[in-house]
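Beneath this line is the structure, given in structure tokens, with notes to follow.
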Amino acid sequence: MKNNIIHIALAANHRYQPGLLVTMVSMIRSTAHKERLRFHILSEGLTEEDKAIVTSMAEEYGAQKPEFHEPDMNFIKSRFAAYKNSHATFLRLFLCDIFNFDWILYADVDTLWLRDISELWSLRDDSVSLLWCKDIPSITHGVHLYSKWNPDFDESKYACAGVALMNLKRLREINLPKKAASFVAKWGTPFFVDQDILNYLCRDDARLIPEYWDCMMPTKEAANGLVYHFNGIGSMFNSNFPGWRPLYYVWFRYYYDFILKKPNKKVCGAYKRLLFWLIGSLYPSYNLIRLIFHRKDFLIDNIYRQIFFAWLWRHAKWRW
């Protein structure tokens, strides 16, 4: 049984507890052999009540009892300056020191999973340190413009660290935490923090996997709907965020149905659901996506995002 365990790392604080629950429960519900899943929760301020809820749901849906870890954030704060995110974003750089097994799947808690995790876990490759997906064109191009730390930047290889299979054994061998500290000492904290650092340090030691494992926009690869990543669109877990806002219809629908277990048909009115059903039939080409993302017009950008989430809602594997 020990060799069949799928180790999963999720990081959250109290504010991100709803996202943690959606990510974890969707992973469990989509996996056939749920008993293989062992969640390692990196807590930066989860309350005891939060932990009890997470544990209860993991066991109720069939996974192993989760383990909670309270990383030494003072150690990280003494070495890294976080001007954009909390210091918890650097935890990915230290997973090889926190855990003593060989492989772990790290996932952001703004992801929603619709396919068996064992399929992704089977892609592990001992010859590389990381397996992850190419980031969206706008992010990749933006990083390229500001990446003075990498004069040979290759946009075709820049990846998103939100979903990553991490070879902890190999990362220990290259002493990733020490190299990351050296990077920051020389170049400062990059805009996309640990993601930029990982892309630089592992640029020749990582492999891209199909984009449907980290769907941040509607591409042909995303048609199978494996993992939807709701990043960079706004503050999903802001306490003042109105639940009916159509941008997050898909996410909130899952949250109400499987976390609260009280389906709320008022998340989005009938008119907006009909509108979403209609515009969800649109299937923008990759070139059109690039064109839109390179436009600076705020209105066009927001219209596109509405279409994106309508597309997700239309093509999701579940039915309401």
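No lab work stands behind these numbers, since they all come straight from the coordinates. For clarity, every value in this text was computed on a predicted model and none was experimentally measured. With ideal geometry, Cβ positions are generated from the backbone for all residues, glycine too; neighbour counts draw on all protein chains shown.
Out of the residues in the range 30-60 that are touching a strand residue (DSSP E or B) at 6+ places or on another chain (Cβ under 8 Å) and touching a residue at least 40 places away in the same chain (Cβ under 8 Å), which is surrounded by the most Cβ atoms within 10 Å (Cβ to Cβ)?
Ranking the candidates gives Leu37 first.
Select from the range 3-20 the residues that are part of a helix (DSSP H, G or I) and crowded, with 17+ Cβ neighbours inside 10 Å and list them in ascending order.
Tyr16, Gln17, Pro18, Gly19, Leu20
Could you check Thr140 against (1) among the β-branched types (Val, Ile, Thr); (2) within 17 Å of the chain's Cα centre (by Cα); (3) within 27 Å of Met27 (Cα to Cα) and say which number it fails?
Only one criterion in (1) among the β-branched types (Val, Ile, Thr); (2) within 17 Å of the chain's Cα centre (by Cα); (3) within 27 Å of Met27 (Cα to Cα) is unmet by Thr140, namely (3).
Taking into account only those residues within the range 132-143 that are out of contact with any Asp or Glu (no Cβ under 8 Å at 6 or more places or on another chain) and hydrophobic (A, V, I, L, M, F, W, C), which is surrounded by the most Cβ atoms within 10 Å (Cβ to Cβ)?
Ile136
Could you check the range 193-205 and list, in sequence order, the residues that are in contact (Cβ under 8 Å) with a residue 60 or more places away in the chain and part of a loop (DSSP other than H, G, I, E, B)?
If the condition is that a residue be in contact (Cβ under 8 Å) with a residue 60 or more places away in the chain and part of a loop (DSSP other than H, G, I, E, B), then Cys202, Asp205 are the ones that fit.
Those residues that are closer than 9 Å to Ala63 by Cα, hydrophobic (A, V, I, L, M, F, W, C) and in a helix (DSSP H, G or I), I need them from the range 26-41; list them, please.
Ile28
Any idea how many residues of the range 109-131 are surrounded by fewer than 21 Cβ atoms within 10 Å (Cβ to Cβ), among the small types (Gly, Ala, Ser) and in contact (Cβ under 8 Å) with a residue 12 or more places away in the chain?
Residues meeting the conditions: 1.
I'm trying to understand the selection: among the residues of the range 30-87, which are of a type in the set (Val, Ile, Thr) and under 18 Å from Thr111 (Cβ atoms)?
Thr31, Ile41, Val54
What residue, among those in the range 144-181 that are polar (S, T, N, Q) and closer than 14 Å to Asp196 by Cβ, is surrounded by the fewest Cβ atoms within 10 Å (Cβ to Cβ)?
Step by step, filter the range 144-181, then rank; the result is Asn150.
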